[in-house]
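All remarks here apply to the structure that follows.
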DNA sequence: CTCACATGTTTCCATTGGAAACATCAACGA
DNA sequence: TCGTTGATGTTTCCAATGGAAACATGTGAG
């Protein structure tokens with residue numbers, strides 16, 4: 001009764017389950033939001049049993065953390081690339097802030113996951129490193145724009161808070177009343193420009 | 001076999017289940033975080049069956065939304081009270097911002113729930129009204145501090161983003177590296193003061 | 001070769017949110 | 001006074017989830 005290995009029989013081992021799971025997880029996150037991201041659903045999408053992820057990530061927390069790590073790497077990349085297009089320190093600073101918000105708008109589910117610490121394990125090396133890198137990108141943008149003067153911690157905290165708060169409120173739809181309801185990202189980025197123009 | 005109504009037999013009807021449930025929900029939220037807040041757990045805490053909440057709130061979403069509404073009312077109260085202690089418009093503006101963060105620090109679970117829109121139903125009248133009131137308090141603080149000049153939407157968005165981002169990053173522990181790890185709220189508020197002092 | 005180990009699967013369990021049917025009680029009208 | 005009606009609760013059932021444990025299948029190193 002043993003099934004002969006026909007061409008259509010799936011191999012017992014997937015071969016690249018880890019990557020497949022991360023990919024499926026991100027797809028689900030993008031399509032169904034942070035709550036549609038289920039261990040079982042992701043496993044199903046890949047055609048694996050729901051306990052298979054355990055071998056690669058320990059936990060649901062583990063899977064989410066690794067996914068968040070990927071997110072932070074891309075996040076850092078995006079900000080770095082945006083900054084690299086500018087030469088003047090202040091322009092680089094603003095470009096970094098814009099990139100912060102752009103990333104959040106382009107990857108809402110992923111971004112929210114990245115900042116939902118209760119579902120993540122910040123102890124995971126991949127996540128820890130990726131977060132540290134993203135933070136460093138931010139910090140450097142601030143330091144370059146305001147060399148030496150004043151409380152640097154406060155300047156970093158301020159810039160970060162502004163970008164982060166704007167992104168969070170935007171994703172949560174809280175800024176909708178402020179965005180002449182033409183809806184969409186262009187309006188949001190215009191509001192951000194107006195914010196940056198103050199002072 | 002019918003249990004005679006002894007003095008220790010619980011009455012079939014609770015009498016104030018709705019309030020009891022909201023109270024228990026908030027207690028759980030405060031103690032176990034947003035994930036410990038379970039429909040069944042809350043019902044258990046109150047000594048009711050797990051379907052009892054359905055009569056007062058429809059859903060888990062309903063319960064969370066009503067709780068968030070309570071949160072927004074208190075949030076508005078707190079900011080309003082803080083502003084009322086000041087006379088100068090700019091002082092009122094800053095006091096409102098401080099109150100924003102203070103509330104978040106004092107009620108982390110509740111605050112996070114209030115801004116987790118995917119678990120809330122913003123269509124609920126109580127929530128809708130409470131959110132609108134809190135928003136109005138913010139808006140007035142901004143308008144009073146910067147009468148007439150400039151893009152008012154941008155000023156509101158900026159002040160809100162700054163306060164909200166700071167609060168969120170703080171609750172998520174993201175600012176810990178910036179807070180000389182003497183830990184705790186006082187340090188955080190000092191960082192906020194430093195932010196407000198810039199420019 | 002063969003055997004240890006990584007990678008997967010099956011099976012089981014407790015917990016959760018919700019639906020449906022039923023129980024209790026209080027208030028109002030004939 | 002007495003029903004009956006609707007609000008408030010309970011019991012029972014169900015599907016989905018995350019996880020534990022035991023087992024299956026390959027693969028590569030000695």
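Throughout, read-outs are computed from the coordinates displayed, never taken from laboratory work. Bear in mind that the values here come from a model prediction, so they are computed numbers and not experimental data. Positions of Cβ are generated from backbone atoms using ideal geometry, with glycine treated the same way; all protein chains shown enter the neighbour counts.
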When segment A:14-25 is checked residue by residue, the ones that are in a loop (DSSP other than H, G, I, E, B) and surrounded by fewer than 15 Cβ atoms within 10 Å (Cβ to Cβ) are A:15, A:16
Residue identified as surrounded by fewer than 22 Cβ atoms within 10 Å (Cβ to Cβ) and either within 14 Å of another protein chain (Cβ to nearest Cβ) or within 16 Å of DNA strand C (Cβ to nearest atom) (or both) among B:80, B:112: B:112
Is at least one residue of segment B:189-197 crowded, with 19+ Cβ neighbours inside 10 Å, touching a helix residue (DSSP H, G or I) at 6+ places or on another chain (Cβ under 6 Å) and under 30 Å from residue B:61 (Cα atoms)? no
When you scan segment A:145-181, how many residues do you find that are within 22 Å of residue A:75 (Cβ to Cβ), without any contact (Cβ under 8 Å) to a residue 24 or more places away in the chain and either assigned to a helix (DSSP H, G or I) or facing chain B (nearest Cβ under 7 Å) (or both)? 13
Residue identified as buried (at least 16 other Cβ atoms within 10 Å of the Cβ) and near DNA strand C (Cβ under 8 Å from one of its atoms) among B:37, B:64: B:37
Heads up, the helices (runs of 4 or more DSSP H) in segment A:26-130 (entirely inside) with at least 1 residues that are within 16 Å of DNA strand D (Cβ to nearest atom) are A:39-46, A:60-84, A:108-114
